[in-house]
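Only one structure is covered here, and it is reproduced in the block below.
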Amino acid sequence: MTYGKLTNKELDFVREIVGPDRVSTGESVLDLHGKDESFHRKRRPDAVVWPLNAEEISRILRMANEKRIPVTPWGAGTSLEGNSIPVQGGIVLDFQQMNHILQLMEKDLQVRVEPGVIYKELNQYLSRYGLFFPPDPGASATIGGMVGNNASGVRTVKYGATKDFVLNMVVVLPSGEIIQVGTKAAKSSSGYDLCRLFVGSEGTLGVVAEVILRLIGLPAEFMAAVVQFGALRQATDVVSQIMRSGLSPAALELLDIPTVQAVNRYKNLSLQEKPTLFIEYYGTSLAGLKEELAWVEEICTDNGSIRFDSGIGREERNRLWEARYQVRDSIGASNPGLSPLVIDTAVPISKYPDMVEWSQKVLEKTGLRGYAFGHAGSGNLHLEIPGTPEEKGQWQAVEEAADEIVGYALECGGTATGEHGVGIGKRKFMRREHGESLKLMKQIKDLLDPNGIMNPGKIFD
Ligand SMILES: Cc1cc2nc3c(=O)[nH]c(=O)nc-3n(C[C@H](O)[C@H](O)[C@H](O)COP(=O)(O)OP(=O)(O)OC[C@H]3O[C@@H](n4cnc5c(N)ncnc54)[C@H](O)[C@@H]3O)c2cc1C
């Protein structure tokens, strides 16, 4: 694919659309929009534009499509696979100023938002009405970025991923056409599910200009537990049993010993340095939750847990979750100057113990250091292997280990990416994971974006 250059003529055209203050070619702005939170090589765009509405986006896309100028949508740039890096330059559309909560439909449990709304701020607003939007990637992500990557998080085990909450969207196609996809009804069997086509498409099919999200009522009570085991296998074996018990956890997270050590150091905690599960339940009464946790304790004890701490107050619980959310920072602080390769496999829950064990064997065999953690209840394993991408030989060993681990997940019927998206880093697994249906994905891409201007270089090699 050959792309057109963004010359002064096109820039002047964009300035006419959005005004001079919402276009930048400044060095620091381009630098900021040339990277995400991954190790992938930086690439600056030629210009950054802050649109305010679908009409402005439409006019920019129409021009870009005509001139074959790459356009990369940008939320907060917290992706971990290079998803938002504009690898072919061109225009970055930053939705920072499209950050309005447009309408709360309290009785329908729905909210209509612009893509630049930060999900944490949305949840702060919704909490006043006893509502929340459960998918929770931890980082300061935007709704547009969560839709782009089909993000999920600690509460996905109970409530689902972003795709399960998007009811309706306004999407601007690369041609500039503005369409509405989805429904406001809780269910629909009406034709192809275009909403889900755009969710997780990483900005490669069009730009999301507005989203209606389904919401959930905030739970009245919660109860958390920290469970520790003598061996990692015991901690992972228990996951499937908890999930089968009929008690549906609101969070079920795994931390291996190196991760617990990193978190202890970084957050000044004193967790026993053992394989650990963080578990949380939501319910209507503390008495009911106590009963549920007693049952979970029995399951854990039967599987050799050495500690089950469920008497955790609100403050301590918040401290633990903050520590969980800062696992990446903790690992970073324990490995100064190194960048981690992030593995994000997800497998059927019965395969989770084997998946984790396999990853540990690969680490042992290669002598690499790794940190295993993740949303265990969803069968999602994150393994961070710190290294130096610039040191070819060493980084190749890291990549080979990661390939072997992801390969095992695929053999188990799992996926190369449970929640971070394909971006640049996971493109190489797409054929193995999807086989012939990858061709159909490419045909869909070519149909909607025949000039390949939308976030080029992502998902497909
Ligand atoms: C510390 C840390 C922890 C994380 N934990 C998790 C986790 O638990 N679960 C998880 O899922 N992710 C996690 N992530 C990854 C990341 O935060 C999520 O993928 C998040 O959804 C990205 O949001 P963003 O606003 O930063 O989007 P960006 O990174 O800016 O963009 C993401 C993708 O969406 C596209 N996009 C953005 N806006 C639009 C739009 N309006 N229209 C169309 N496409 C658009 C972009 O082009 C890109 O392909 C974590 C990241 C960090 C740094």
Low-density loop cleavage sites - GluC sites (Glu not before Pro) in the range 362-405, where at most 13 other Cβ are within 10 Å (DSSP):
GLU390, GLU391
Between rounded, prolate and oblate, where does the range 30-86 land on the alpha carbon gyration tensor, with a ≥ b ≥ c its root eigenvalues, rounded for a/c under 1.5, else prolate if a/b exceeds b/c?
prolate
Using DSSP H assignments, which helices in the chain have an axial alpha-carbon span of 27 Å or above and a mean Kyte-Doolittle hydropathy of -1.0 or higher?
392-411
Where the centre of each part is set by its Cα atoms, how far does the range 264-315 sit from the range 176-220, in angstrom?
36
Rounded if a/c under 1.5, otherwise prolate or oblate - the range 338-461, Cα gyration tensor axes
oblate
For LEU338 and ARG265 in the same chain, what is the full-extension length gain: residue separation times 0.36 nm, less their Cα-Cα distance, in nm?
24.5 nm
Using the Cα centre of the chain as origin and beta-carbon charges of +1 (Lys, Arg) and -1 (Asp, Glu), tell me which of ASN53, PRO353, VAL239 is placed farthest towards the positive end of the dipole.
ASN53
Taking the Cα centre of the range 1-102 as the origin, how large is its charge dipole in debye, to the nearest 20, when only Lys and Arg (+1) and Asp and Glu (-1) carry charge on their Cβ atoms?
340
Where q = 0.18, 0.19, 0.20 Å⁻¹, what log10 of I(q)/I(0) comes from the Debye formula for the range 277-410, counting one point per Cα?
-1.09, -1.16, -1.22
Rounded to the nearest 20 debye, dipole of the chain from Cβ charges on Lys, Arg, Asp, Glu:
560
Spin-label pair ASP31/GLU298, simplified geometry with 7 Å Cα→Cβ offset, distance in nm
6.0
Skip the ligands, DNA and RNA, and give the accessible area per residue of the chain with a 1.4 Å probe, whole Å².
43
If each residue of separation counts as 0.36 nm, what is the full-extension length gain between GLU55 and ILE179 once their alpha-carbon separation is subtracted?
43.5 nm
Here, trypsin sites (Lys or Arg not before Pro) of the range 75-146 satisfying both criteria (DSSP loop; at most 10 other Cβ within 10 Å) are ARG128
Based on the alpha-carbon gyration tensor of the chain and its eigenvalue square roots a ≥ b ≥ c, which shape applies: rounded if a/c is under 1.5, prolate if not and a/b is larger than b/c, or oblate?
prolate
Once you place label points 7 Å from the Cα toward the Cβ at THR7 and ASP108, how far apart are they in nm?
4.7
Sequence-distant aspartates and glutamates (8 or more away, or on other chains) whose Cα lies within less than 16 Å of LYS120
ASP136, GLU322
For a quick check of your reading of the filter: which trypsin sites (Lys or Arg not before Pro) in the range 1-76 sit in a DSSP loop and have no more than 15 other Cβ atoms within 10 Å?
LYS5, ARG41, LYS42, ARG68
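The values are calculated or read from the model by the stated rules, or taken from the named source; none is laboratory data. This is a predicted model, so every value here is computed, not measured. Using ideal geometry, Cβ is built from the backbone for each residue, glycine included, and neighbour counts are taken over all protein chains shown. The accessibility values were calculated without ligands, DNA or RNA, using every heavy atom of the protein model including side chains. Shrake-Rupley method; radii C 1.70, N 1.55, O 1.52, S 1.80 Å.
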